[in-house]
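What follows is calculated from the coordinates using simple rules that are stated; it is not laboratory data. Just so you know, these numbers come straight off a predicted model, no measurement behind them. Cβ atoms come from the backbone with ideal geometry, glycine included; neighbour counts cover every protein chain shown.
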Amino acid sequence: MRVSSWSAFRLFRLLFPHRVLYSSTSSDRFSPVSALYPILLLRMDKVNTSNSLHSKPFSSSAASRRSGRGRGRDFGKGDAIVREDDRIDALGRIMTRILRHMAAEVNLEIRSDGYVRVADLLKLNLTTYAKVPLRAHTIEDVKEAVRRDNKQRFSLLEENGSLLIRANQGHSIKNVTSESLLKPILSTDEVQVCVHGTYKKNLESILQYGLKRMERLHVHFASGLPLDGEVISGMRRDVNILIFLDLRKALQDGMKFYISDNKVILTEGFDGVVPTEYFEKIETWPWRQSIPLQQKF
């Protein structure tokens, strides 16, 4: 423990109010720290001895309970402990990435409807964001990750004694086909609204070039507004621009639309683009203020 000169001097005055302390050095200046050091050590030793008589051994589990972080099972040793909730969440994140974008890259066999064998998935030599190898996870962990996913990104399928899994939408893998993965929308009666959520910073480019699917297979639309209770996927919660599509006109002109198991509306557009002529209206969110379709920036 380091003690400043001023703190030592104040402590000396409190302990010995009637004594005068003077220490001769080469410069004949007052040096309270050097003079008080033996006294401070003695006093501190008494305090520490007293505290040690009443102290309890440190317990990481007790600390977790006090800090409110002790819920769920823990895995690992020492500083590498990972809570079960974190393990499962990290598993869900890496499954999303593999099933949407990485299957071919990691030599995972994927069908045209997006399904892969869970047993094959768990054999991959990859590590999750929680630093847990995929091989350390079980089929039950996969089922739990699917159950917990609040956007219902996955589907499970039992087939010929094997469990299969797929991402419901969001793919960039080329051999996954829309017809195999999704249900086609043939009439506007099948959906009440078709809306794309984006951000104001993107609006100038969108009004100039239309909505592009970018690296994915489809442009994504939601079947309702962000706060609608039944809308669980299709747009981010923090969007500030809503682009409503004239679905009837788009269908009449031959644009193909599909809906995923988790109710996301998807289209390849025409050559990967949904032109602005199919925009019905644009509004800010959440204020619902109208933005002209021909707005200049």
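Quick notes on this one:
- In the set (1) buried (at least 17 other Cβ atoms within 10 Å of the Cβ); (2) in contact with a Phe, Trp or Tyr (Cβ under 8 Å, 6 or more places away or on another chain), Arg213 fails one condition alone, (2).
- Residue satisfying all of: in region 261-297; farther than 22 Å from Asp238 by Cα and of a type in the set (Gly, Ala, Ser); surrounded by the most Cβ atoms within 10 Å (Cβ to Cβ) among these: Gly269
- For region 252-296, filtering for residues that are over 27 Å from Arg166 (Cβ atoms), assigned to a loop (DSSP other than H, G, I, E, B) and under 31 Å from the mean Cα position of the chain (by Cα) leaves 5.
- Against the list (1) closer than 23 Å to Thr276 by Cα; (2) of a type outside the set (Gly, Ala, Ser); (3) under 22 Å from the mean Cα position of the chain (by Cα); (4) exposed (fewer than 15 other Cβ atoms within 10 Å of the Cβ), the condition Leu227 fails is (1).
- Region 230-244, residues that are buried (at least 17 other Cβ atoms within 10 Å of the Cβ) and without any contact (Cβ under 8 Å) to a residue 40 or more places away in the chain: Val231, Gly234
- Output for region 187-207, where each listed residue is within 26 Å of Ser155 (Cα to Cα) and in contact (Cβ under 8 Å) with a residue 40 or more places away in the chain: Ser187, Thr188, Glu190, Val191, Val193, Cys194, Val195, His196, Gly197
- Restricting the first member to region 86-110 and to residues that are within 12 Å of His137 (Cβ to Cβ), and the second to residues that are among the aromatic types (Phe, Trp, Tyr), the beta-carbon pairs closer than 6 Å and six or more apart or on different chains are Ala90/Tyr129.
- Within region 116-191, strands (runs of 3 or more DSSP E) holding 3 or more residues that are buried (at least 17 other Cβ atoms within 10 Å of the Cβ): 162-167
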